[in-house]
Amino acid sequence: MYLSDVFKSLGDPNRLRILSLIAKKELCVCMIAEVLGVSQPSVSKHLNRLRYSNIIKCRKISQWCFYSLNDVFQARCEELLNFILKEWENSDQYQNDLNKLNYLQKTYSCCQQLLIESKPDDK
């Protein structure tokens, strides 16, 4: 993990939004796209950038991909992650995203049943 790659990856507002959501809970692309209000291909590009920097990891169940924080990133960059999340939590955008995520988790079916039924291998 190169710190310059981490900072480049986190230099985009949408990737910061994704990071803040994934830090709360493992999520699929469709759920992230709904919360951010952007297309799934756009979200996938952001997720690939975060994966390239080893900030997040992917777990596949059937055709669905679920994203969560990379354990190595959490361990090595814990203070940076805590700082980012603390700063981001004070923003209106974060509160809006979190409210929308909570609503979608209650009403949006997509692949959430797969996530509930499966147990992560590495958690």
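Read-outs: derived from the displayed coordinates by stated rules, not from any lab. Keep in mind that what you see is a predicted model, and the values were worked out from it rather than measured. Here the Cβ is made from the backbone with ideal geometry for all residues, glycine too, and neighbour counts use every protein chain on show.
Computed from label points 7 Å out along Cα-Cβ, the spacing between Leu85 and Lys60 is 2.8 nm. Remark: the Arg76-Thr107 segment gains 7.6 nm on full extension, using 0.36 nm per residue and subtracting the alpha carbon distance. Residues whose amide H comes within less than 5 Å of that of Cys28, counting only those at least five positions distant or on another chain, are Tyr67 (H built at 1.01 Å from N in the peptide plane). A convex hull fitted to the Cα coordinates of the chain yields 100 cubic angstrom per residue.
What is the range 11-78 by shape, rounded, prolate or oblate, if you read a ≥ b ≥ c off the alpha carbon gyration tensor as root eigenvalues and call it rounded for a/c under 1.5, prolate for a/b larger than b/c, and oblate otherwise? Working shown, then result.
Values: a/c = 1.71, a/b = 1.25, b/c = 1.36.
Because a/c hits 1.5 or more and a/b fails to exceed b/c, the range 11-78 counts as oblate.
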